[in-house]
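Take a look at the structure below.
The values are calculated or read from the model by the stated rules, or taken from the named source; none is laboratory data. A quick note: this is a predicted structure, and the numbers were derived from the prediction, not measured. Here Cβ is always computed from backbone atoms with ideal geometry, including for glycine, and neighbour counts include all displayed protein chains.
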Amino acid sequence: MENKPLSPHIQIYKWHISSLVSISHRITGIINILAITLMCIWFALILLGESNYEIIKIFLQTFVGKFILIGITWSFSFQMLSEIRHLIMDFGYGFDLKITKITGLLVIFGSLILTILIYLIGRGLN
Amino acid sequence: MVQISLPKNSEVKKGKYFKDKTGSKNLRKVNIYRWDPSTGDNPRIDTYEVDMDNCPSKVLDILNKIKNEIDSTLAYRRSCAHGVCGSCAMNMGGKNGLACTTPHAEIDGDIDIYPLPHLKVKRDLIGDLDGLYKQYQSIEPWLKNNSTKQTTEIYQSKEDRAKLDGAYECIMCACCSTSCPSYWWNGDKYLGPAVLLQAYRWIIDSRDEERKARLKKVADEFKLYRCHTILNCTNACPKGLNPAKAIAEIKKMLATANV
């Protein structure tokens, strides 16, 4: 019988903090690559002319523009904190189930707090 | 390859409904994955109403009750019923574990029971673990000592023996490996947490003389480094072991030792 079915996997498996942080780490990683590419294009456009700068500025002040900026800020914050968590794990620490939960929560809430902080600092500088 | 959806022949359909016949007021619905190899049908979910007033505390007790009293066609593996043999590993309430040590009181709502994830199903709750056993064989899980003259025991200090704690207790139930998304997507090449924990167990054994060769053998982009510390394995282990930490230790040894 070679028609054996494959048992359900991701459809049924329960999520927990570590797996959520892990998948988010990957997703934010992809977002960051796109974000860096986007930023490079912005900078290149600025080099090409002053009027481009104005257009980008107007775009970034729209709702969508702000959403993208804040989204990127969160994505970078998350990636950074999660990477620190992985770095600590690479040293062989923090594998206790309770600790993985705590560090996972720290990454999630820390990234939100960091986003707000960066936003406020940015506004202060403006 | 990452394939999120199930192949066509594996899509789960709605199955039969077994209404309670005992007249009990304390009922729970139990949804069980069923697949009969003798028909060409897709797998289905059968629902059983189980009288919880006359059912002991573990999920395996529910399965036994269903098999004995409601539907004798249900197939599942079990043997010791004490969390020692590892036969009754399955997915209950979305988490892998041993049916004989998982209390059904810990599962909220209806009790969903599936075979271990991402395996070829042989029948109902029985998954095909041949691939995992082959991988286990590939790490050569036995003591390797090259001296032919030694006729006495090989001594081991208490400290060296203590290093094996947390690794030798593994019962190879496959709860961890089949909980691991990396193992789902790359199970043909990635060794998976269960086998890597055993690889670690032999690497750190002070009596073993093939430490370097063993390390070299697992130092592979796919065999070892598909572990991305998702930690589903440690969360799933019914014996409270920590395969993720063992894998991290192997990676650390490879990063620091001159292999």
- Residue hits (region B:155-187; within 14 Å of another protein chain (Cβ to nearest Cβ) and not in a loop (DSSP other than H, G, I, E, B)) are B:177, B:178, B:179, B:181, B:182, B:183, B:184, B:185, B:186
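Those residues that are among the β-branched types (Val, Ile, Thr) and either closer than 23 Å to residue B:115 by Cβ or more than 10 Å from chain B (Cβ to nearest Cβ) (or both), I need them from region A:1-26; list them, please.
Our first condition is that a residue be among the β-branched types (Val, Ile, Thr); within region A:1-26, this holds for A:10, A:12, A:17, A:21, A:23.
Of everything in region A:1-26, those that are among the β-branched types (Val, Ile, Thr) and either closer than 23 Å to residue B:115 by Cβ or more than 10 Å from chain B (Cβ to nearest Cβ) (or both) turn out to be A:10, A:12.
Determine if region A:80-88 includes at least one residue that is part of a helix (DSSP H, G or I), more than 14 Å from chain B (Cβ to nearest Cβ), surrounded by 11 or more Cβ atoms within 10 Å (Cβ to Cβ) and at pLDDT 95 or above. Walk me through how you get there before you give the answer.
Of all residues in region A:80-88, those part of a helix (DSSP H, G or I) come to A:80-88.
Checking the rest, the ones that are also more than 14 Å from chain B (Cβ to nearest Cβ) come to A:80-81.
Then keep just the ones that are surrounded by 11 or more Cβ atoms within 10 Å (Cβ to Cβ); that gives A:80-81.
Next cut, at pLDDT 95 or above only: A:80-81.
Checked against the condition, which is being part of a helix (DSSP H, G or I), more than 14 Å from chain B (Cβ to nearest Cβ), surrounded by 11 or more Cβ atoms within 10 Å (Cβ to Cβ) and at pLDDT 95 or above, region A:80-88 yields at least one hit.
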- Being within 14 Å of chain B (Cβ to nearest Cβ) and free of Cβ contacts under 8 Å to residues at least 24 places away in the same chain narrows A:94, A:29 down to just A:94
- Task: Filter region B:237-254 down to residues that are without any contact (Cβ under 8 Å) to a residue 40 or more places away in the chain and of a type in the set (A, V, I, L, M), then give me how many there are.
- Result: 2
